[in-house]
Amino acid sequence: MHEARAPLQGASAPLAENEPGSGIVVYLNGIACSGKSTLARGLQARWPEPFLHVGLDFLSAAMPARFLGDGPDAALGARWVRDDDGRLLRVEAGPFGVRLLQGIPRLAAALARAGNHVIVDDVLLYPWRIEDVGKALAGVPTHLVEVRCDLSTALARGQQRDGVSEVGKIATYYDATYAHDAYDLRIDTGRDAPEACVAALTAYLRGGRAPTALATVSNLARPS
């Protein structure tokens, strides 16, 4: 049940450019099929104010299909490299793909600075990305949340969802996605039921603790 809350004032007028404060960002990192989208929808259902759900799948769906996967222009976007059996070996990001990845945290930052709460559903599988996310979200309260299950669980979920391609992505990028080790909160969707995971995230946010992990891990990613 939602908590009672006074209605927002001045909803018919835009906020002033210098309006103090911003929304918060909850940045979920986890391999495909780890349960990020389920967690995001659960938080949206429980939180009294709206959380806008954006992320990799959301923006990939906005990209013309020819720049993705096996499309004719995929080398410029995100190309799937497969083995002889058709299993996905890796995803190669071209220039448009890199711009899309850089756009995810910057979109979240822009929305938060306009006063919106944002939950980001992402897969930080390339080493450069965590530093870039930290740079894009500097000054925005951002809670970095690890969402994981064990590899066998993720593979089983991937087989049910999309078969060969999803399993290939999970097997290839599982370790890389979880390469950094600093989080404000860790959630294990293989151990805990979906409702328990949502409850843990909600309780953490209601606790009001200031986030620190993103600044820590993005600083560690920078070359000395």
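Quick notes on this one:
- In a simple Cβ point-charge model (Lys, Arg +1; Asp, Glu -1; nothing else charged), segment 38-187 has a dipole of about 360 debye relative to its Cα centre.
- Taking a sphere under 13 Å around the Cβ of Phe67 and counting the other residues whose Cβ falls inside, with K and R at +1 and D and E at -1, yields a net charge of 0.
- For the chain, hydrophobic long helices are taken as DSSP H runs at least 24 Å long by C-alpha position along their axis with mean Kyte-Doolittle hydropathy of 1.0 or more; none is present.
- DSSP beta bridges fully contained in the chain are about 20 percent antiparallel.
- Alpha-carbon centroid distance for the pair segment 20-69 / segment 173-224, whole angstrom: 15
- Each of Cys197, Cys33 was scored by other Cβ atoms within 10 Å of its Cβ. Listed from fewest to most, they are Cys197, Cys33.
- Relative contact order [Cα under 8 Å, 6+ residues apart], the chain, whole percent: 28
- Sum of side-chain charges, Ala213 neighbourhood, beta-carbon under 14 Å (Lys, Arg +1; Asp, Glu -1): -2
Quick note: the coordinates plus some simple rules give every number you see, no bench work behind them. Because the structure is predicted, anything quoted here is derived from the model rather than measured. FYI the Cβ positions are ideal-geometry reconstructions off the backbone, even for glycines, and counts take in every protein chain you see.
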